[in-house]
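Every number in this text was worked out from the coordinates using simple rules, so none of it is lab data. Remember, predicted model here, so these are calculated numbers, not experimental data. Using ideal geometry, Cβ is built from the backbone for each residue, glycine included, and neighbour counts are taken over all protein chains shown.
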Amino acid sequence: MSGEPPAIRDLITDDQFREVVQLQQTIWGFNDADLLPVRFFVVASKIGGQVFGAYDAGNGEERMVAFCLAIPGLKPDGRTYLHSHMLGVLPEYRNSGLGRRLKFHQKESALSRGIDLIEWTFDPLEIKNAWFNIVRLGAIVRRYARNLYGVTSSRFSGGLPTDRCTAEWWIRVDRQSVPIVEGVRLPADIATIRATDPERARVVQSELADQFESAFARGLAVTGIERDDAFFTYLLGEVR
């Protein structure tokens with residue numbers, strides 16, 4: 001890693017998109033069937049999506065070390081938004097603030113085009129990512145999908161169903177503080193459980209799904225998080 005922060009640029013060429021495909025393999029360990037191909041990035045870049053790359057010039061040779069992909073979406077009421085489908089950072093560049101820089105680059109680009117909503121899905125068992133989405137960025141969550149993508153070859157899935165929450169990032173306004181109605185708890189050591197005890201991890205995931213679906217059906221949304229040595233707790237309240 002160089003002394004200068006990686007530079008973020010729009011990706012537009014086939015060679016750049018091939019670098020992104022390679023990054024997918026390196027970061028997630030996908031097999032070929034689960035990789036997004038070059039042509040997908042070509043289409044995204046042509047239809048109003050976002051394809052950004054972060055380049056580091058360490059050791060005198062520039063290379064792509066992270067990327068972000070979003071595609072345009074349309075709500076049933078006609079509202080346009082961006083679906084941020086994938087953001088990946090090489091392991092040695094994590095915890096450097098690069099992921100946050102990519103998200104805020106995405107935000108500024110969207111605002112300049114008159115877009116005020118960015119959404120993406122995330123695994124609620126990945127608590128570090130959840131903290132980033134909800135606490136650092138200020139997203140809310142009020143949708144849950146079981147096994148959204150089917151079981152994948154990602155090294156992070158541990159063979160579990162790909163249950164996902166949808167993060168809503170309303171980028172034109174700050175999230176309002178609301179009274180907390182209830183909490184949904186996870187063991188703080190869920191990453192260890194996932195790696196060493198898949199059956200218990202599946203039970204934790206199923207119980208989490210039941211609680212989230214019940215809360216969201218009653219009009220609640222995740223608006224915050226608390227954590228201690230024992231538990232990671234999603235905090236839910238009523239969002240207007």
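Remark: the residue 112-residue 206 segment gains 29.8 nm on full extension, using 0.36 nm per residue and subtracting the alpha carbon distance.
With the largest listed first and rounded to whole Å, the semi-axes of the equivalent ellipsoid of segment 53-161 from the Cα gyration tensor are 24, 21, 13.
I'm checking a number: the convex hull volume of the Cα atoms of segment 95-140, normalised per residue, in Å³. What is it?
Per residue, the Cα convex hull of segment 95-140 comes to 70 Å³.
Neighbour counting of Cβ atoms within 10 Å sorts the residues 171, 180, fewest neighbours leading, into 180, 171.
Where q = 0.07 Å⁻¹, what log10 of I(q)/I(0) comes from the Debye formula for the chain, counting one point per Cα? Summing over Cα pairs of the chain leads to -0.24. Among 140, 118, 190, the residue with the largest mean-square fluctuation in a Gaussian network model of the chain, with springs joining Cα atoms closer than 10 Å, is 190.
With θ taken as phi - 60° and the Karplus curve 6.51 cos²θ - 1.76 cosθ + 1.60 applied, the whole-hertz 3J(HN,Hα) list for segment 52-69 is 10, x, 10, 10, 10, 9, x, 6, x, 10, 6, 8, 7, 10, 6, 8, 9, 10 Hz, x standing for glycine and proline.
Bridgeable aspartates and glutamates around residue 107 (alpha carbons under 15 Å apart, same-chain partners fewer than 8 residues away excluded): 10, 116, 119, 168, 174.
Tally Lys and Arg at +1 and Asp and Glu at -1 over the other residues with C-beta under 11 Å from the C-beta of residue 166: what net charge comes out?
+1
For segment 138-240, the Kirkwood hydrodynamic radius comes to 14.7 Å, computed from all pairs of different C-alpha atoms.
Straightening the chain between residue 199 and residue 80 buys 38.8 nm, computed as 0.36 nm per residue apart minus the Cα-Cα spacing. Annotation: lysines with alpha-carbon distance below 16 angstrom to residue 128 (same-chain offsets under eight excluded): 103.
When the Gaussian network model of the chain links Cα atoms closer than 10 Å, the mean-square fluctuations of 81, 93, 144 top out at 93.
Helical content of the chain, expressed as a calculated mean residue ellipticity at 222 nm, amounts to -9000 deg cm²/dmol (DSSP H runs of 4 or more residues, -39,500 (n - 2.57) each, divided by residue number, nearest 500). The mean sequence separation of alpha-carbon pairs under 8 Å and at least six residues apart, normalised by the residue count of segment 7-177, gives a relative contact order of 19 percent.
Here segment 19-110 is treated as a sphere whose radius is the Kirkwood value from Cα pairs; by Stokes-Einstein at 4 °C and 1.567 mPa s it diffuses with a coefficient of 91 µm²/s.
Placing +1 on each Lys and Arg Cβ and -1 on each Asp and Glu Cβ, with no other charges, gives the chain a dipole about its Cα centre of roughly 600 debye. When the charge dipole of segment 84-137 is built from unit charges on Cβ atoms (+1 for Lys and Arg, -1 for Asp and Glu) and taken about the Cα centre, the candidate among 120, 84, 110 whose Cα reaches farthest toward its positive end is 110. Look at the dipole of segment 7-177 built from charges on Cβ: of 60, 95, 11, the Cα furthest out on the positive end belongs to 95.
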